[in-house]
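Heads up: the structure comes next, in structure tokens.
Bear in mind these aren't lab numbers, they're just calculated from the coordinates by the rules spelled out. Quick caveat: nothing in here was measured; it's all calculated off a predicted structure. Positions of Cβ are backbone-derived with ideal geometry, glycine not excepted, and every protein chain shown enters the neighbour counts.
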Amino acid sequence: MASVDGFIGVFDSGVGGISVLRELVGLLPHEDFVFFGDSAHNPYGERGVGELRELSGGIVDSFLAEGAKAVVIACNTATSAAAAQLRLEHPSLPIVGVEPALKPATEHDPHDRILVMATPVTLRLDKFHRLAREFGSGSEVIAVPCVGLAHRIEQGDLDAPDLLELIEGLVGEYAGAVDSVVLGCTHYPFVARQIRQVLGDVPLFDGGAGTARRLRSLLSEASLLSPSKGKGRVELRSSLRGPGVLERYEEFFRMKA
Ligand code: DGL
């Protein structure tokens, strides 16, 4: 049974989910968070749905075994592939996913042409097609599967020229030709500056803040908000062993967006 004293488990295929974690900690500073980056299996966005469900299920089970009171899937790809199944398996657990922020992009003017950058799996699965049908009918939605981008961000060294070249190759043809960009992968907010360098000064939308608000309202509905007045604990963990891994996570956590 979930307790107000439990922690909130947050996971992604690696450092990307830290962009969501920062929003969560900002909105809910009194909560305890355990972040798990599954960097050993990155990139999720180029794996099969069955495997993603298995990986996500294992992570949620271990959070629950340690007393998590809620889970945030800080990954568009894992949300699309596994959120529905996880909710069926854990009906009383608050589970919040993240989805491409197409709705806010369509509410922003102008919104004639919206570029969506996301992983191949996110763009292939139903969730995105449903979103596009629900909110994208008044816009031209250009969906670009950004193969290799999350994995490259995972390596760090974000100012290196090869990263800019990769972005240029993926979306450079849309420079000056779109009204806004949806960052449909939680890794991408960390290269917002580089994306603007390629595409021009366009508004960028990501799902982090909406996810934090959704978590707060689910916790409040379930009377699970922490009564503590002090600052909560934030613990970073990774499936990847080796020197420097958690230091890199810390760096992303402190990075200026
Ligand atoms: N950060 C994840 C997402 O939001 C997945 C990136 C990946 O591992 O491919 O989709």
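For this structure, a couple of remarks:
- Label-point gap, in nm, between Arg237 and Glu221 - each point 7 angstrom along Cα→Cβ: 2.7 nm
- Put simply, the amide H of Val72, placed in the peptide plane, has neighbours under 5 Å in Gly9, Val10, Phe11, Val96, leaving out anything fewer than 5 places away on its chain.
- Phi-based couplings in Hz for segment 217-229 (Karplus 6.51, -1.76, 1.60; Gly and Pro marked x): 6, 5, 5, 5, 4, 8, 6, 10, 5, 5, x, 5, 9
- Computed E for Glu165/Asp201 - FRET, C-beta separation, R0 22 angstrom, nearest 0.05: 0.60
- Length gained when the stretch His129-Val49 is fully extended (0.36 nm per residue, less Cα-Cα span): 27.2 nm
- Within segment 95-118, backbone nitrogen closer than 19 Å to the virtual label 7 Å beyond the Cα of Arg214 toward Cβ: 95-108, 116-118
- The phi-based Karplus calculation (6.51 cos²θ - 1.76 cosθ + 1.60; θ = phi - 60°) puts the 3J(HN,Hα) values of segment 155-161 at 6, x, 6, 6, 8, 5, x Hz, whole numbers, x for Gly and Pro.
- Ile95 sits among other residues whose Cβ lies under 15 Å from its own Cβ, and their net charge, with Lys and Arg +1 and Asp and Glu -1, is +1.
- Couplings 3J(HN,Hα) of segment 17-28, computed from phi: x, 5, 5, 7, 3, 5, 5, 5, 5, x, 7, 10 Hz, in residue order, whole Hz [Karplus 6.51 cos²θ - 1.76 cosθ + 1.60, θ = phi - 60°; x for Gly and Pro].
- For the chain, the dipole from Cβ point charges (+1 on Lys and Arg, -1 on Asp and Glu) about the Cα centre works out to 600 debye, to the nearest 20.
- Normalised by the number of residues in the chain, the mean separation of alpha-carbon contacts (under 8 Å, six or more apart) gives a relative contact order of 29 percent.
- Cβ-Cβ distance of Asp112 and Ala84, R₀ of 41 Å, FRET efficiency by 1/(1 + (r/R0)^6): the value works out to about 0.80.
- Nearest-20 debye value, segment 5-121 charge dipole, Cβ charges on Lys, Arg, Asp, Glu: 160 debye
- For segment 74-119, the relative contact order is 38 percent, taking Cα pairs closer than 8 Å that sit 6 or more residues apart in sequence and dividing their mean separation by the residue count.
- Sparsely packed GluC sites (Glu not before Pro) within segment 1-89, loop by DSSP, other Cβ within 10 Å at most 14: Glu66
- Relative contact order %, segment 1-136, counting alpha carbon pairs below 8 Å whose residues are six or more apart: 27 percent
- Most mobile of Asp109, Asp38, Asp201 in a GNM of the chain (Cα contacts under 10 Å): Asp109
- For the pair segment 32-87 / segment 186-257, the C-alpha centres are spaced 15 Å from each other.
- Subtracting the Cα-Cα distance of His41 and Glu247 from 0.36 nm times their residue separation leaves 72.3 nm of extension gain.
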